[in-house]
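The structure under discussion appears below in the form of structure tokens.
The values are calculated or read from the model by the stated rules, or taken from the named source; none is laboratory data. Just so it is clear, the structure is predicted and the values come from calculations on it, not from any experiment. In this analysis, Cβ positions are derived from the backbone assuming ideal geometry, glycine residues included, and neighbour counts consider all displayed protein chains. Ligands, DNA and RNA are stripped out before the accessible areas are found, and what is left, the full protein with its side chains, is counted by its heavy atoms. Shrake-Rupley method; radii C 1.70, N 1.55, O 1.52, S 1.80 Å.
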Amino acid sequence: MHDTARSPAQTETPLRAEPLRAGLQPLVFGRSGLLGSHNFRALLLSAGTASLQIDETVERLQAPCLLWTPWNTQARLVVAPGSRGHHLVLGASLLSVALRHSPHAAELGYMAERRYLVTLDPADGDAATLQACFEGLAVETRQDRPMSSSLVEAHLSILLVTLYRALKAGPYGLQSGFASSSLGSRFIALIEAHLGERWSVAAFCAALGVGRDRLHATCLRDFGRPPGLMIRQRTMLEARRLLEQSTLSVDQIAQRLGFGSGPQFNHFFKGIEGVPPGAWRRQVRSSDRTRPPPVDLSAWP
């Protein structure tokens, strides 16, 4: 594997991308080499088989296919002997950076926080696009070339857009968590646009020109959760990102996120993570990087 120094924070897993070919022994990917608490792994399997093991469940992969998954530290990805393809692992902030200029960042970010296994058609243009993305990422992580970071961001963005299109057209359809309505998409966009302003559900309803009952029903149908929970989850994800990757003080982060005071932010954060934000930051940045298991925020919009 080839590491790169392009990680936005020293506590985060750097991007690693590589072609893989299993010999006489299986290739096993677990938690080795991972930093921080929030990582992603992808496998483009072009030949052979693999399995994803999480706790006591096993999901079988048969080439040609693409696996994208937020990484559980207890998970194991096992590539069978003789199989080949491409492997990718990265931290959350690099993914966020790659999507920062996309007008579809909210939906792509939502998608990236879930696990998908997509069967590919070798004759389909999407399969060729994915292959080119993985190969391009492998090249950029092996060589220190001018503007490599821009190409890395572009390849990651194209990879996610291609996955999104495959899911929208495939058997996952809208059940995968994408907004199936204009109202759902507009609500996600407003959350992103007003992140840090601490808008209430009523304020979002007013901006969208709909009643609370309609927005509630739309969110349950499109995302499986009420609007208030979606807002809190997105705020929490941003809080964790700033604590882990910025040099802002806790009070400055509280102000940026729109909290009236540091104690109010502490109460919000501790209610979800179980520890105050300052203690959480120290644990994340400690030498052994141990901290309490994170709350599942995989459904952020």
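3J(HN,Hα) along segment 113-127: 7, 10, 9, 9, 10, 10, 7, 9, 9, x, 7, 7, x, 5, 4 Hz, from the Karplus curve 6.51 cos²θ - 1.76 cosθ + 1.60 with θ = phi - 60°, whole Hz, x for Gly and Pro.
Note that segment 239-255 has calculated 3J(HN,Hα) couplings of 4, 5, 4, 5, 5, 7, 10, 10, 9, 5, 6, 4, 5, 5, 5, 4, 5 Hz, one per residue in order, obtained from phi through the Karplus relation 6.51 cos²θ - 1.76 cosθ + 1.60 (θ = phi - 60°); glycine and proline are x. Accessible-area rank, largest first, for 121, 126, 55: 55, 121, 126, with all protein chains present and a 1.4 angstrom probe.
Please work out how much length the chain gains when fully extended from residue 200 to residue 76, using 0.36 nm per residue of separation minus the C-alpha to C-alpha distance, in nm with one decimal.
Extra length available between residue 200 and residue 76 comes to 40.6 nm.
Calculated accessible area for segment 7-143 comes out at 43 Å² per residue, all protein chains present (probe 1.4 Å; ligands, DNA, RNA ignored).
Take the alpha carbon gyration tensor of segment 125-267, find the square roots of its eigenvalues, order them as a ≥ b ≥ c, and report rounded if a/c is under 1.5; if not, report prolate when a/b exceeds b/c, else oblate. Oblate, since a/c reaches 1.5 and b/c is not below a/b. Projected label points at residue 24 and residue 60, each 7 Å from Cα along the beta carbon direction, are separated by 2.6 nanometres. Taking label points 7 Å from Cα along the Cα-to-Cβ direction, residue 84 and residue 123 give a separation of 2.3 nm. Provide the FRET efficiency to the nearest 0.05 for the residue 139-residue 252 pair, computing r from the beta carbons and using R0 = 51 Å. The computed FRET efficiency comes out at 0.85.
Treating r as the C-beta distance of residue 31 and residue 97 and R0 as 25 Å, the FRET efficiency rounds to 0.60.
For segment 100-153, trypsin sites (Lys or Arg not before Pro) are listed when DSSP marks them as loop and at most 12 other Cβ atoms sit within 10 Å of their Cβ; the list is 100. Ranked by solvent-accessible area (1.4 Å probe, protein heavy atoms only, all chains present), the residues 68, 199 order from largest to smallest as 199, 68. If R0 is 30 Å, the Cβ-Cβ spacing of residue 267 and residue 114 corresponds to a FRET efficiency of close to 0.55. The accessible area of residue 159, taken with all protein chains in place and a 1.4 Å probe, comes to roughly 0 Å².
Converting phi to 3J(HN,Hα) with the Karplus coefficients 6.51, -1.76 and 1.60 and the offset θ = phi - 60°, segment 68-77 yields 10, 8, x, 8, 8, 5, 8, 7, 9, 10 Hz in sequence order, with x at every glycine or proline.
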